[in-house]
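Scroll down for the structure; my scribbles are underneath it.
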Amino acid sequence: MGDYWFKPKTYGYGAAPANWKGWAAGAGFIVATWVILWPWILSPALAGKEPSPAGIVATLALIAVVTLGFIWLCKVKTDGAWHWRWGGKT
């Protein structure tokens, strides 16, 4: 049917990477998170300064957008629906 990057988990809720594209999407999400965190939170903290309140708010907003986008991508690229699974038991 389609090119699915994720497969539904056997136990629990959600999906797991099914091929290299799923793993690359997960790695990209982690890299994007670090890129967002670095200028406003991590760099000032390493320099011994307090992060600015505006920087914290901007960081949280960008992290929320990237996270929601990643969840949307996972749902669209999953072979099947997301629901709670008990390992094949009904």
Has the range 14-29 got any residue that is touching a Pro at 6+ places or on another chain (Cβ under 9 Å), part of a strand (DSSP E or B), free of Cβ contacts under 8 Å to residues at least 40 places away in the same chain and under 21 Å from TRP82 (Cα atoms)?
yes
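Matching residues to (1) among the small types (Gly, Ala, Ser); (2) touching a strand residue (DSSP E or B) at 6+ places or on another chain (Cβ under 8 Å); (3) outside any loop (DSSP other than H, G, I, E, B):
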| site | (1), (2), (3) |
| --- | --- |
| GLU50 | no, no, no |
| ALA54 | yes, no, yes |
| ALA58 | yes, no, yes |
| ALA64 | yes, no, yes |
| LEU68 | no, no, yes |
| ILE71 | no, no, yes |
| TRP82 | no, yes, no |
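Might you check whether a residue that is in contact (Cβ under 8 Å) with a residue 24 or more places away in the chain and either surrounded by 14 or more Cβ atoms within 10 Å (Cβ to Cβ) or among the aliphatic types (A, V, I, L, M) (or both) occurs anywhere in the range 55-64? Break it down into steps so the answer makes sense when it comes.
From the range 55-64, those in contact (Cβ under 8 Å) with a residue 24 or more places away in the chain are 62-63; that's our starting set.
Now narrow it down to the ones that are either surrounded by 14 or more Cβ atoms within 10 Å (Cβ to Cβ) or among the aliphatic types (A, V, I, L, M) (or both): 62-63.
Yes - at least one qualifying residue is present in the range 55-64.
Working carefully through the options TRP86, TRP72, find the one that is among the aromatic types (Phe, Trp, Tyr), on the phi < 0 side of the Ramachandran plot and without any contact (Cβ under 8 Å) to a residue 40 or more places away in the chain.
TRP72
Could you list, in sequence order, all residues of the range 17-54 that are over 20 Å from TRP5 (Cα atoms), of a type in the set (A, V, I, L, M, F, W, C) and surrounded by 11 or more Cβ atoms within 10 Å (Cβ to Cβ)? Outline the logic, then answer.
The initial filter retains those residues of the range 17-54 that are over 20 Å from TRP5 (Cα atoms), namely 33-54.
Retained after the next criterion (residues that are of a type in the set (A, V, I, L, M, F, W, C)): 34-38, 40-42, 45-47, 54.
Residues satisfying the conditions are VAL35, ILE36, LEU37, TRP38, TRP40, ILE41, LEU42, ALA45.
Any read-out appearing in this document is the output of simple, stated calculations on the displayed coordinates, not a laboratory observation. Not measured: the values here are computed from a predicted model. Reconstructed Cβ throughout: ideal geometry from the backbone, glycine too, with neighbour counts over all protein chains shown.
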